[in-house]
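Quick one: the structure is below, and I'll ask about it shortly.
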Amino acid sequence: MILRPQINDLKIIGFSLGKLICALGFVMLLPVVIGVVFSEASPVFDFLIASELCFISGILLLLLCRTQTEIDWMHGMIIVALAWLVAAFLGAIPLYLSGHFVSFLDACFESMSGFSTTGLTLVKDLDHLSLTHNFWRHLSMFVGGQGIVVIALSVFMIKGSAGAFRIYASEARDERVLPNVISTARFIWLVSIVYLVLGTLVLGTVGFLEGLSLKRAFFDGACIFMAAFDTGGFTPRSQNMLYYHSFLLETVTVSLMILGAINFNLHYHIWTGNRKEVFKNIEMRTLGITLLITFAIIVVDLLRLNLYPQSIPFFRKGFYQLISAHTGTGYSNLYSMQFVREWGNLSLVGIIMAMGLGGSICSTTGGIKALRVGVIFKSLIQDVKQIMLPESTVLQQKFHHLKMIVLEDKHVRAAVVTVLLYFTLYSAGAICGMFFGYPFLESLFESTSAAANVGLSIGITTVTMPSALKVIYILQMWAGRLEFISIFVLLGFIVAAFKGKK
Amino acid sequence: MRIKTIGSSVLGIIFEILFTVFIMAVFFIISSLITLARVWVFGI
Amino acid sequence: MIKKAQLVIFFLFLAFCFARTNNCFADELSSGELIKNAKEYDGKTVSYEGELIGESLKRKEGTWLNIHDGGDALGVWVPVKVAINIHYAGGYKATGDRLYVTGKFHRSCSMHGGDLDMHAHKIITKEIGRVRPHGVSSYKQDLLKYLSGALLCLLVIFLILQKRQKLI
């Protein structure tokens, strides 16, 4: 019997939400620094306005919802689900004020795409957008990739608590890197900041060597890092990676994409000396196998079509699109129309599969995730072995994920449920796309790209696409990033508010 | 948060970067072999 | 007789020029047409016009320009021997020069790792770019003032309440 939510439940949710919104307000001050450095006055005002709106709404919530009650799982899930919607809404304010979005809905789309590290874009005239606004687009990916809650935990909470862990886990991060959730959050930030410094240096240097001015090389380098490591896919240029005409730059981004697709737990193991884990880990093995399978699919089709007869174009176009899709980044060195007009249906299916599968759990990527795919296949092997062995045999299947784990029904059940939910989300989005008149494969491509937070576009995501489809893709990005459960709990909470027992 | 030594972390970062380079190299070799094989098998 | 012969030669010349040969009259196309029909235009001389966006990327053997015609932007490779004179590159603070480029289109350029690009034979600056002034609108200034006032009041209330709670 579900109980009707009480005022205290709303206070608990509102109080935590208030803290998260204030944290967002502080984050929005970072683009102000960029605006001051590059003398962009109007964007500075845009971000000061947005930041103050965040502080005002956050403080109002803190004042009205003051409570000492501990957060339980239901509250944690609802807080996270709402926090992401609210962040997308508030993050859209400075974007809309830039004048580069046709409507506030488009700005919300861009904001959700940024925070969920998707990378689908609706910005008008990106090449004339201010550096300040461009920085915010990429910073939102950096923040979203690590997790909005992770920021709040690492900066604003001094000590961990059960409530803190419940909010952390609700953000689709159910793995703890370190025993304490605050330490876990801070480790995630440590990895990100270290690679931010290294990545920006390398990308900036490469950009400068490829002809960009020093200022622009390092600005673009920082932006590209934030989008590549967080497997987001925004670039400061409308041509995406094609703008730079640089194989070297693309190579560096591939490295960053792969790093971003690695489980933060695995980063911890590697950094503390346990390097063999890379080769023993079920996720890395599964990723390797799925990468080879999807590459084989694409290879067959590209060979048949004779699109790229030489090895470098074959690698640059074929492999780059694939690794971008599989890691959920969305960087492209092809025009969307080239997917439609030049690539065959089979290679598009390969890309869709790669997008749908995604990277590792507890990483910056989206999609089904390699651990779930690995667990399901291990379960299948176990079932086949069980049938082939004598009936009386008791078979115990194990898998290695940071340690040896006995495969149990609960692991398989959890994996299958999430896989089914993702398939449902991909299909639902595809059906909606077809409802609006787009062909099946293109609808499935775009839907999978949104729901798996990839960002590769086959041309459906444009300013002129139906508003209803924009809303659908926003919801898909949101659901895909949070992996459903917190959203279902939010819906359950709303239903309970009307139908629950007093 | 306990990271034994900064040296271990630096080695870890180098290892991770080399690992990504290894993956790229593998697929680049596969791409080159495929394009060469295409020429060899189909004579184009 | 001579006049007839001259007329025939003239029409033959026109026919030769309108036939599909390089370096005569190049088709002026949009980025959308070029990308959509890349296979058809691959290896052909085309003309393309648009705004120079971003910086020109100087390399050893030439320069990359990215030219946006309102639809998409195309990469144009300008070899060292082709003269270019850039005044403004498009960005937040400036509208870039409007350039008219004639050159060979590639669907998958073997020289540039398979990129879709144009190798320029000739570039004409049709219109010089200009600086874009960006003032701060009065409504944004007013809005910021009111919000700052509201935030200050809220902060004061919040701090007072915090102190009272600590005393209790």
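Where a number appears in this text, it was derived from the coordinates with a stated rule and is not lab data. What you see is a predicted model; the values in this text were computed from it and never measured. Every residue, glycine among them, receives a Cβ derived from its backbone with ideal geometry; neighbour counts consider all protein chains shown.
Explain nothing, just the number: relative contact order of the range C:25-131, from Cα pairs under 8 Å at least 6 residues apart, as a whole percent.
28
Pick from C:Gly70, C:Gly54, C:Gly43: which residue has the top mean-square fluctuation in a GNM of chain C where Cα pairs under 10 Å get a spring?
For chain C, modelled as a Gaussian network with Cα springs under 10 Å, the answer is C:Gly70.
Each label point is 7 Å from the Cα along the Cα-to-Cβ direction; what then is the distance between the points at A:Met1 and A:Leu64, in nm?
3.1
Calculate the dipole size of the range C:74-168 relative to its Cα centre from +1 charges on Lys and Arg beta carbons and -1 charges on Asp and Glu beta carbons; express the result in debye to the nearest 20.
Dipole about the Cα centre, nearest 20: 340 debye.
Using 7 Å Cα-to-Cβ label points, what is the C:Val136/A:Glu391 separation (nm, one decimal)?
With each label placed 7 Å out from Cα toward Cβ, I get 8.3 nm.
Now for a separate question. For chain C, set up a Gaussian network in which alpha carbons nearer than 10 Å are linked by springs, and say which option among C:Ser47, C:Ser31, C:Ser138 fluctuates the most.
Of the options given, C:Ser138 has the highest mean-square fluctuation.
Let me ask something else. Once label points are set 7 Å from the Cα along Cα→Cβ at both A:Asp72 and A:Val36, what is their separation, rounded to one decimal in nm?
Output for this residue pair reads 4.6 nm.
Just list whichever of A:Lys369/A:Lys502; A:Lys215/A:Lys470; C:Lys39/C:Lys126; A:Lys215/C:Lys36; A:Lys470/C:Lys104; A:Lys124/C:Lys36 have alpha carbons separated by over 30 Å in the model shown.
A:Lys369/A:Lys502; A:Lys215/A:Lys470; A:Lys215/C:Lys36; A:Lys470/C:Lys104
Also, quick follow-up: Which parts of the range A:86-127 would a label at A:Ser467 reach, counting a residue when its backbone N lies under 15 Å from a point 7 Å out along Cα-to-Cβ?
The answer is A:102-109.
What angle, in degrees between 0 and 90 and rounded to the nearest 10, separates the Cα long axis of helix C:138-167 from the longest principal axis of the Cα atoms of chain C?
Between helix and principal axis, roughly 40 degrees.
At a Cα cut-off below 17 Å, give the lysines reachable from A:Lys11, other chains included and same-chain residues fewer than 8 away excluded.
Excluding near neighbours in sequence, the set is A:Lys19.
Please state the Cα pair-distance histogram of chain A with 20 angstrom bins from zero: what percent is in each bin?
23, 58, 18, 1
Of C:Leu29, C:Ala73, C:Tyr88, whose Cα points farthest to the positive end of the dipole of the range C:25-131 (charges on the beta-carbon: +1 Lys, Arg; -1 Asp, Glu; origin at the Cα centre)?
Positive-most Cα among the choices belongs to C:Tyr88.
As an exercise, take the mean of 1/r over every pair of distinct alpha carbons in chain C, invert it, and state the Kirkwood radius in angstroms.
Its Kirkwood hydrodynamic radius stands at 20.3 Å.
For chain A, what is the calculated [θ] at 222 nm in deg cm²/dmol (nearest 500), taking -39500 (n - 2.57) for each run of four or more DSSP H residues and dividing by its residue count?
Calculated from helices alone, the mean residue ellipticity at 222 nm is -22000 deg cm²/dmol.
By counting other Cβ atoms within 10 Å of each Cβ, how are A:Glu40, C:Glu49 ranked from fewest to most?
The order, fewest Cβ neighbours first, is C:Glu49, A:Glu40.
Each residue of the range A:312-317 in turn: what ³J(HN,Hα) in whole Hz from Karplus with 6.51, -1.76, 1.60 and θ = phi - 60°, glycine and Pro shown as x?
My calculation for the range A:312-317 gives 5, x, 4, 5, 4, 8 Hz in order.
If the only charges are +1 at each Lys and Arg Cβ and -1 at each Asp and Glu Cβ, what is the size of the charge dipole of the protein assembly as shown around the Cα centre, to the nearest 20 debye?
Value, rounded to 20: 1080 debye.
Further question on the same structure: Under a 5 Å amide H to amide H cut-off, with H placed in plane at 1.01 Å, what residues pair with C:His121 once short-range neighbours are removed?
Excluding prolines and chain starts, which carry no amide H, the hits are C:Thr102, C:Gly103, C:Lys104.
Here's a follow-up. Hey, if you put +1 on the Cβ of every Lys and Arg and -1 on every Asp and Glu Cβ in chain A, which of A:Thr251, A:Gln338, A:Thr464 ends up farthest toward the positive end of that dipole?
With unit charges placed on the Cβ atoms, the residue in question is A:Thr251.
Please determine, in degrees from 0 to 90 and to the nearest 10, the orientation of helix C:2-18 with respect to the longest principal axis defined by the Cα atoms of chain C, where the helix direction is its Cα long axis.
It works out to around 40 degrees.
Can you list residues whose amide H is under 5 Å from C:Glu28's amide H, if they're 5+ apart or on another chain and H is modeled 1.01 Å from N?
C:Ser47
Quick one: check the C-alpha center-to-center distance for the range A:173-247 versus the range A:71-121, whole angstrom.
Value for the Cα centre distance between the two parts: 21 Å.
May I pose another question? Might you report the magnitude of the Cβ-based charge dipole of the range A:378-486 about its Cα centre, with Lys and Arg at +1 and Asp and Glu at -1, to the nearest 20 debye?
Here the range A:378-486 has a charge dipole of around 280 debye.
Separate question: What's the FRET efficiency of A:Phe377 with B:Ser32 using the Cβ-Cβ distance as r and R₀ = 35 Å, to the nearest 0.05?
After rounding to 0.05, the efficiency reads 0.70.
Between the range C:96-167 and the range A:334-378, what's the alpha-carbon centroid distance in Å?
Here the two parts' Cα centres lie 32 Å apart.
Along the charge dipole of the protein assembly as shown, Cβ charges K/R +1 and D/E -1, which of A:Leu302, A:Val206, A:Leu395 sits furthest on the positive end?
In the protein assembly as shown, that residue is A:Leu395.
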